[in-house]
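Presented below is the structure to which this report refers.
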Amino acid sequence: MWIVDTSVETYYKSKFWHLRFNFENYQHFQALSFAVEEVNQNPNILPNVTLGFQAYDSCDVLHLDLAGALQVLSGIDSAIPNYRCLSNIPFTALIGAAVSTHSILLAHILGLYGYPQISHLSTSRVLSDRKKFPSFFRTVPSDAFQSLGLAKLVLYFGWTWVGLLAMDNDYGQQGIQLVKQEIIKGGACVAFSENIALNKPDRNAPHIVKVMKESTAKVVVVFSIDVHLVPVLEEMLSQNVTNKIFVASEGWSMTKLHLMSRFAKILSGTIGLALYSGTIPGFSTFLSHVHPFMKLGGNWAKMFWQEAFSCKFLNNVNSTTFSDPSLKKCTGEEDLQSIHNAFTDVSNFRTTYNIYMAVHIVAKALEDLRNCLVAEGTFPSTQCVDIHSFKPQQLLRYMKKVRVKLNGGREVYFDENGDPPAVYDIVNWQLNPEGTIKQVKVGSYDTSLTPSQVFTIDTSILRWGDENIQVPSSVCSQNCPPGFWKAAKAGQPSCCFECLPCSLGEISNETGSFNCFKCPWDQWPNPQKSQCLPKDLEYLSYKDPLGITLTITSIISSLTPDIILRLFIMKKSTPVVKANNYSLSCLLLISLSLCFLSSLAFIGYPQAENCLLRQAIFGMVFGLCISCILAKTIIVVIAFMATKPNSNLRKWTKPWVSYMIVFGGFMVQFLLCVIWLSLTPPFPQYNAETKPGFIIVECNEGSPTAFWTMLGYLFLLATISFVVAFLARKLPDSFNEAQFITFSMLAFLSVWISYIPASLSAQGKYTVAMEVFAILASSWALVICMFFPKCFIIVFRSSLNTKGNIMRKDKF
């Protein structure tokens, strides 16, 4: 359809080529007529100027579109290039064509002369090229905006695994490629991409549906028009493919396919973009006044009437067709309100509204041109022109700057590419209880609004398939829950992955995390590895079962030397006690009691004082203990040697000698501990590395060398005692004390040699427990080997506790 400014007269040309009358296109023609009449009747727009128009029906045939454009340029029924016959009636603008390919051809021609062209339905983004098409405008958004909107729709619902289907022409391929780019940019992946082959009778439907059926993608973006989509839908019925959700381009989102009940199960749940539906006040009444005898477009009106009421006017019926008894005669009195078709449907004006809008844009541009003021400097280098005589380039300048505010408050203008603000309705195809489908507006996509308002959807009224309100999932792999991370599958798109648990000490606290991150040093993941929790403190506590056991054992064990000491004090005059060096035995028992009690310093929270003194206390009391045993061993050997004739060793059997040995052995250990505590004292520390999930509160010994030197010194004393006692084990008579010392030192050394690998392999509180166990075990070894045989004689075999029995050569 085209519009041209005239003074009074309206021109009309009928060239219908359709086999069936198109009610929707006839409504478009009436919208054009209504808009022109509305402008002419408005005294505030172009007073004293009447708009007229010439309308052509090209049946969407390219050469007829071209012929109509050339005729309207010439102003007569035939096209005369570069010549306009109606010189007194300026040509204003051309509205059309509907098909993008046709608009491209016309825009090349009209752009040469600068004639404004406004398309009401051409959406190809190629037409946004201002260098190629300087005079092209449109009231419908470019497909570039539509493609962005479809991609946003896919990403809005979290669909990351989608199929793509498009016609193999410019409209389909350019649109679907931009959709693909945007969804990939948004993190989604393409499961498959197929083309509707327009050069094949079956549109390649069997292959397309087979791919759809085999794919795990539940959502398919379809960039097509309805007529080419039907073969695919038919094939889906044939192969029983009903579990897909379509995302529809505006080319078929508001099609009449929903009226075909056989496709209801396939198409229910479809969501897509549709051209903005505006309101045209008074247009419904205008349509109701259409009648077959109207002057404007009378031939079209009669054709409409005959098709709408299935009748024929007498002057259109020949003798052959009229003999058919089922044929009705048209009277012109039929009730237009009784029929329901695309012409009478006024629920949604989409393409119709774009035509109505185009007329008002042309009228506003003409009004701006008429109101031109030289003082305002609209054209600094030219003068304002007469509304009845202007060049097309002069109007084109106003077309670029025009702003029209229509009903509902919407303002229309063009950007630098001749495109209006992109406004779409978001429609959802919902299944009725009767088994039919209704198309429901559920949101909008308006690029003229703020970023937060561009995309709005009322999810409460959305329906998917069989009235399901839950958004369907379309993913290659289910999203990883917290505690897992996405690991890419080799050779697969990024949306196809496997979920692997986070490594030790790491968490992911979000669904669909691409990686895990470590917890702070003092925190550890919960069992689900979804959050970091404070680590448990680990130390050998008095409240811990192990700590309680060792504490009780230490206290009870320390009482044993005390009991033996009391027994020795009571029986100090008996031969067994005398023969075992009563004074050294008492000192040894006291030191053994302290050895048992020293283990308590290792239990409980490692305070600074505990860490500083516990190893030193342990080293000194054991140093005293082993020094006593060493003194016993040496005195035994000296006493035996002193019994030999002419021996000079009698003076070394005095008590002070044993005390000096004890003092000397103890002082060396004492000095080692003092040096250690002075130079590198032990201190408490937090160890978060040794045992995952725990912070070990432990004592850092300050200097491992000092610790092992102190322990090594005890080992040295015990070794000397063992060697000397072992060599003296077969001494005669009462000197068999060496045997007990040999066994006690053997047990002592065995315990501490075993402690070394055990402590190195233990962790946390068990390292401390191993040392406590070694203290208790070695102390018990000394008590048992050194004193139990003597106590047995004193308590249970008192008959053996005589000097004569002690002096026997056989051993007991």
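Criterion applied to F740, F735, F788 was being open to solvent by 10 Å² or more (accessible area, probe 1.4 Å), modelled with pLDDT under 90 and in contact with a Pro (Cβ under 8 Å, 6 or more places away or on another chain), and the one residue passing it is F740.
Here's the yes/no breakdown for (1) in contact with a Ser or Thr (Cβ under 7 Å, 6 or more places away or on another chain); (2) surrounded by fewer than 20 Cβ atoms within 10 Å (Cβ to Cβ):
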position	(1), (2)
P525	no, no
C532	no, yes
D544	no, yes
I555	no, yes
I569	no, yes
C595	yes, no
G604	yes, yes
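Looking across region 307-323 at every residue that is at pLDDT 80 or above and either open to solvent by 50 Å² or more (accessible area, probe 1.4 Å) or touching a strand residue (DSSP E or B) at 6+ places or on another chain (Cβ under 6 Å) (or both), the one that is farthest from S338 (Cα to Cα) is identified as K312. Scanning region 759-775 for residues that are surrounded by 15 or more Cβ atoms within 10 Å (Cβ to Cβ) and part of a helix (DSSP H, G or I) returns S759, K765, Y766, T767, V768, A769, M770, E771, V772, F773, A774, I775. Within region 335-360, if we keep just the residues that are among the charged types (D, E, K, R) and closer than 22 Å to R410 by Cβ, the residue that is farthest from the chain's Cα centre (by Cα) turns out to be D345. Residue pairs whose Cβ atoms lie under 6 Å apart, sitting 6 or more positions apart in sequence or on different chains, and linking a residue in region 525-539 that is more than 13 Å from V697 (Cβ to Cβ) to a partner that is small (G, A, S) and open to solvent by less than 70 Å² (accessible area, probe 1.4 Å), are Q528/G483; K529/G483; S530/G483.
If we scan region 680-690, do we find a residue that is open to solvent by 40 Å² or more (accessible area, probe 1.4 Å) and without any contact (Cβ under 8 Å) to a residue 24 or more places away in the chain? Yes, that holds for at least one residue. The numbered conditions (1) open to solvent by 30 Å² or more (accessible area, probe 1.4 Å); (2) within 30 Å of Q685 (Cβ to Cβ) are all true for E538 except (1).
Of a type outside the set (A, V, I, L, M, F, W, C), modelled with pLDDT under 90 and open to solvent by less than 80 Å² (accessible area, probe 1.4 Å) - does that describe any residue in region 398-407? The answer is yes, given that some residue of region 398-407 is of a type outside the set (A, V, I, L, M, F, W, C), modelled with pLDDT under 90 and open to solvent by less than 80 Å² (accessible area, probe 1.4 Å). Among the residues of this structure, L630 does not count as one that is surrounded by fewer than 20 Cβ atoms within 10 Å (Cβ to Cβ) and in a helix (DSSP H, G or I).
Considering region 229-273, and only residues there that are part of a helix (DSSP H, G or I) and of a type in the set (D, E, K, R), the residue that is surrounded by the fewest Cβ atoms within 10 Å (Cβ to Cβ) turns out to be R262.
Taken over region 142-159, residues that are of a type in the set (G, A, S) and either free of Cβ contacts under 8 Å to residues at least 40 places away in the same chain or within 10 Å of L273 (Cβ to Cβ) (or both) amount to 4. Would you mind stating whether C495 is open to solvent by less than 40 Å² (accessible area, probe 1.4 Å) and either at negative phi or assigned to a loop (DSSP other than H, G, I, E, B) (or both)? So C495 passes the test.
The values are calculated or read from the model by the stated rules, or taken from the named source; none is laboratory data. Just so you know, these numbers come straight off a predicted model, no measurement behind them. Virtual Cβ from ideal backbone geometry, glycine too; neighbours counted across all protein chains shown. These accessible areas exclude ligands, DNA and RNA; they are computed on the full protein's heavy atoms, side chains included. Shrake-Rupley method; radii C 1.70, N 1.55, O 1.52, S 1.80 Å.
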